[in-house]
Structure formats: C-alpha cells, structure tokens
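Below is one structure, written out as structure tokens; comments come after it.
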Amino acid sequence: MMRHILFTLKGCDSDLLDDENYIRDTLYHASVQCNSTLLSLNSHKFQPQGVTCVAMLAESHISIHTWPEVGMAVCDVFTCGEHTEPQKAVDYMHMVLHAKDIVSNEFVRPLE
C-alpha cells in the first residue's frame, strides 16, 4: 500500500524552522519513527531565511519546506509497504517543530 500525507504545520518555532541542522535531524528521526529506511538526506538553507530538506527513503520520501517568517512548514510523507507508519512521522514533526496547528490530508495511492 502507498500512503501519502500532505500537511502544513502552523505556529511553529521560527528559530527551529530556520536551523538547517535541526531540520535535517527532524527528517532523520521522522524516518525512524515511521519505520522506513533512510537512503539519503539533502537540504538547502535559503537567505535570508528558510530551509528545504528531502529525505529519500527506500519506501519513497519525506520533505519539508519552511517559512520561518510566518512560522510555517509545508511537508509531506510518502511511504509504501505494510511495515511503514507515515502518520508517526507526521506526529513526530508536529511535536518537535512545536506546531500549534496542523492541516493534513492523507491519500492512499493504488498500485494499478
């Protein structure tokens, strides 16, 4: 089964959203939380602010794009396989970025 959760975290800690190492660490731990296999992490720190990071997983990917100036992160967790639990990654990211609100939609994608 392929599950894709698209979500926006609102009211996040702006300093954390602008910390590239923290964002990388967040995606690393999110991949562990959802029981997936991390293949690589790629990130970019924007000036004057913002971070984009993608975790490539054997089971697909996790991504985050941050806007510290408005305390917002736009993210997705896409996994395949019965062993993965993408909602756990979402919950972890919500917690460690100190989000006050979340808007989330989950899609189950068929293989046919």
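The values are calculated or read from the model by the stated rules, or taken from the named source; none is laboratory data. Everything numeric here is computed off the predicted structure, so don't read it as measured data. In this analysis, Cβ positions are derived from the backbone assuming ideal geometry, glycine residues included, and neighbour counts consider all displayed protein chains.
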E82 vs (1) in contact (Cβ under 8 Å) with a residue 24 or more places away in the chain; (2) in contact with a strand residue (DSSP E or B) (Cβ under 6 Å, 6 or more places away or on another chain): all pass except (2)
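Identify all residues within region 65-82 that are in a loop (DSSP other than H, G, I, E, B) and at pLDDT 95 or above; write none if there are none.
Correct list: G71 only.
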Mind telling me which of the residues V51, V96, V77, V90 ends up being β-branched (V, I, T), over 26 Å from M1 (Cβ atoms), buried (at least 20 other Cβ atoms within 10 Å of the Cβ) and within 13 Å of the chain's Cα centre (by Cα)? V51
Among the residues of region 92-109, the number that are assigned to a helix (DSSP H, G or I) and either in contact with a Ser or Thr (Cβ under 7 Å, 6 or more places away or on another chain) or modelled with pLDDT under 95 (or both) is 2
Taking the options L39, L27, name whichever one is at pLDDT 95 or above and within 14 Å of the chain's Cα centre (by Cα). L27
Determine whether R24 is among the basic types (K, R), out of contact with any Asp or Glu (no Cβ under 6 Å at 6 or more places or on another chain) and part of a strand (DSSP E or B). no
Go through region 30-42 and give me each residue that's part of a helix (DSSP H, G or I) and surrounded by 15 or more Cβ atoms within 10 Å (Cβ to Cβ). A30, S31, Q33
